[in-house]
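Novice: Quick one: the structure is below, and I'll ask about it shortly.
Every read-out reported here was derived from the displayed coordinates using simple, explicitly stated rules and does not represent laboratory data. Values in this document were obtained by computation on a predicted structure and should not be read as measured data. Positions of Cβ are backbone-derived with ideal geometry, glycine not excepted, and every protein chain shown enters the neighbour counts.
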Amino acid sequence: MTIWPPPERIAIDHDDYHAEHIGHTSDGRQFFLTTPFRPGINEDPGEEFVALYLFDPEGKLLEARIDSFGPRGTMDRAERTSTYEQRLRELGDVTYDRIEIAPFTVERFGTTFGLIPRDDEDDEDGDIDWYVELHPGNYMAFAPPWDSGEYDT
């Protein structure tokens, strides 16, 4: 069995689902526009976000523009849609294609955002393998090989 180390970069292929708005700006930066969420659990009503992550050509995070819209049940959906579309317009001319970015974390609104590596502590054979999750919400998960461009939901 191959034991994979934690990744230096993760490839994400453009698709029509969670990776619909990823690619490159006209000046060569990479971008990822997405809608992370903190799920409502017990007394915590959760929280919905719009996040635009900008990376340099080598995949290092340059900037995270994150907007909060409160709990899913009470958020203004039109406002969230408008903010999402505004963030997309802010990018100017873009090409939707594969990005290759480094894992990262940022803290906003008391929440950790990012592509976060996790070791597989429950691996039955005792080996340590890694995977990477998009947080908050853990709605995209990546496993080796890191250059596959594919993810699980």
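Novice: Do you know the relative contact order of region 17-86, to the nearest whole percent, from alpha carbon pairs under 8 angstrom that are 6+ apart?
Specialist: Reported as a whole number, the value is 24 percent.
Novice: Could you work out the relative contact order of the chain, using alpha carbon pairs under 8 angstrom and six or more residues apart, expressed as a whole percent?
Specialist: It rounds to 28 percent for the chain.
Novice: Also, I was wondering about something else. Compare Gly110, Gly23, Gly46 in a GNM of the chain, Cα atoms joined below 10 Å, and give the one with the largest fluctuation.
Specialist: Answer for the Gaussian network model of the chain: Gly110.
Novice: Under a Cβ-Cβ cut-off of 11 Å, what is the net charge of the residues other than Arg65 that fall near it, where Lys and Arg count +1 and Asp and Glu count -1?
Specialist: Charge balance in the 11 Å sphere: -1.
Novice: Report the label-to-label distance for Gln86 and Lys60 in nanometres (one decimal), using points 7 Å from each Cα along the Cα→Cβ vector.
Specialist: That separation, rounded to one decimal, is 3.0 nm.
Novice: Further, regarding this structure: What residues have an amide H closer than 5 Å to that of Arg72, excluding those fewer than 5 places away on the same chain, when H is modeled at 1.01 Å from N in the peptide plane?
Specialist: Glu47, Glu48
Novice: Please work out whether the chain counts as rounded, prolate or oblate from its C-alpha gyration tensor, where a ≥ b ≥ c are the square roots of the eigenvalues and a/c under 1.5 means rounded, while otherwise a/b larger than b/c means prolate and anything else oblate?
Specialist: oblate
Novice: When ranked by the protection proxy of mean other Cβ atoms within 10 Å per residue, highest first, what sequence do the peptides 10-20, 49-59 form?
Specialist: Averaged packing, sorted descending, gives the order 49-59, 10-20.
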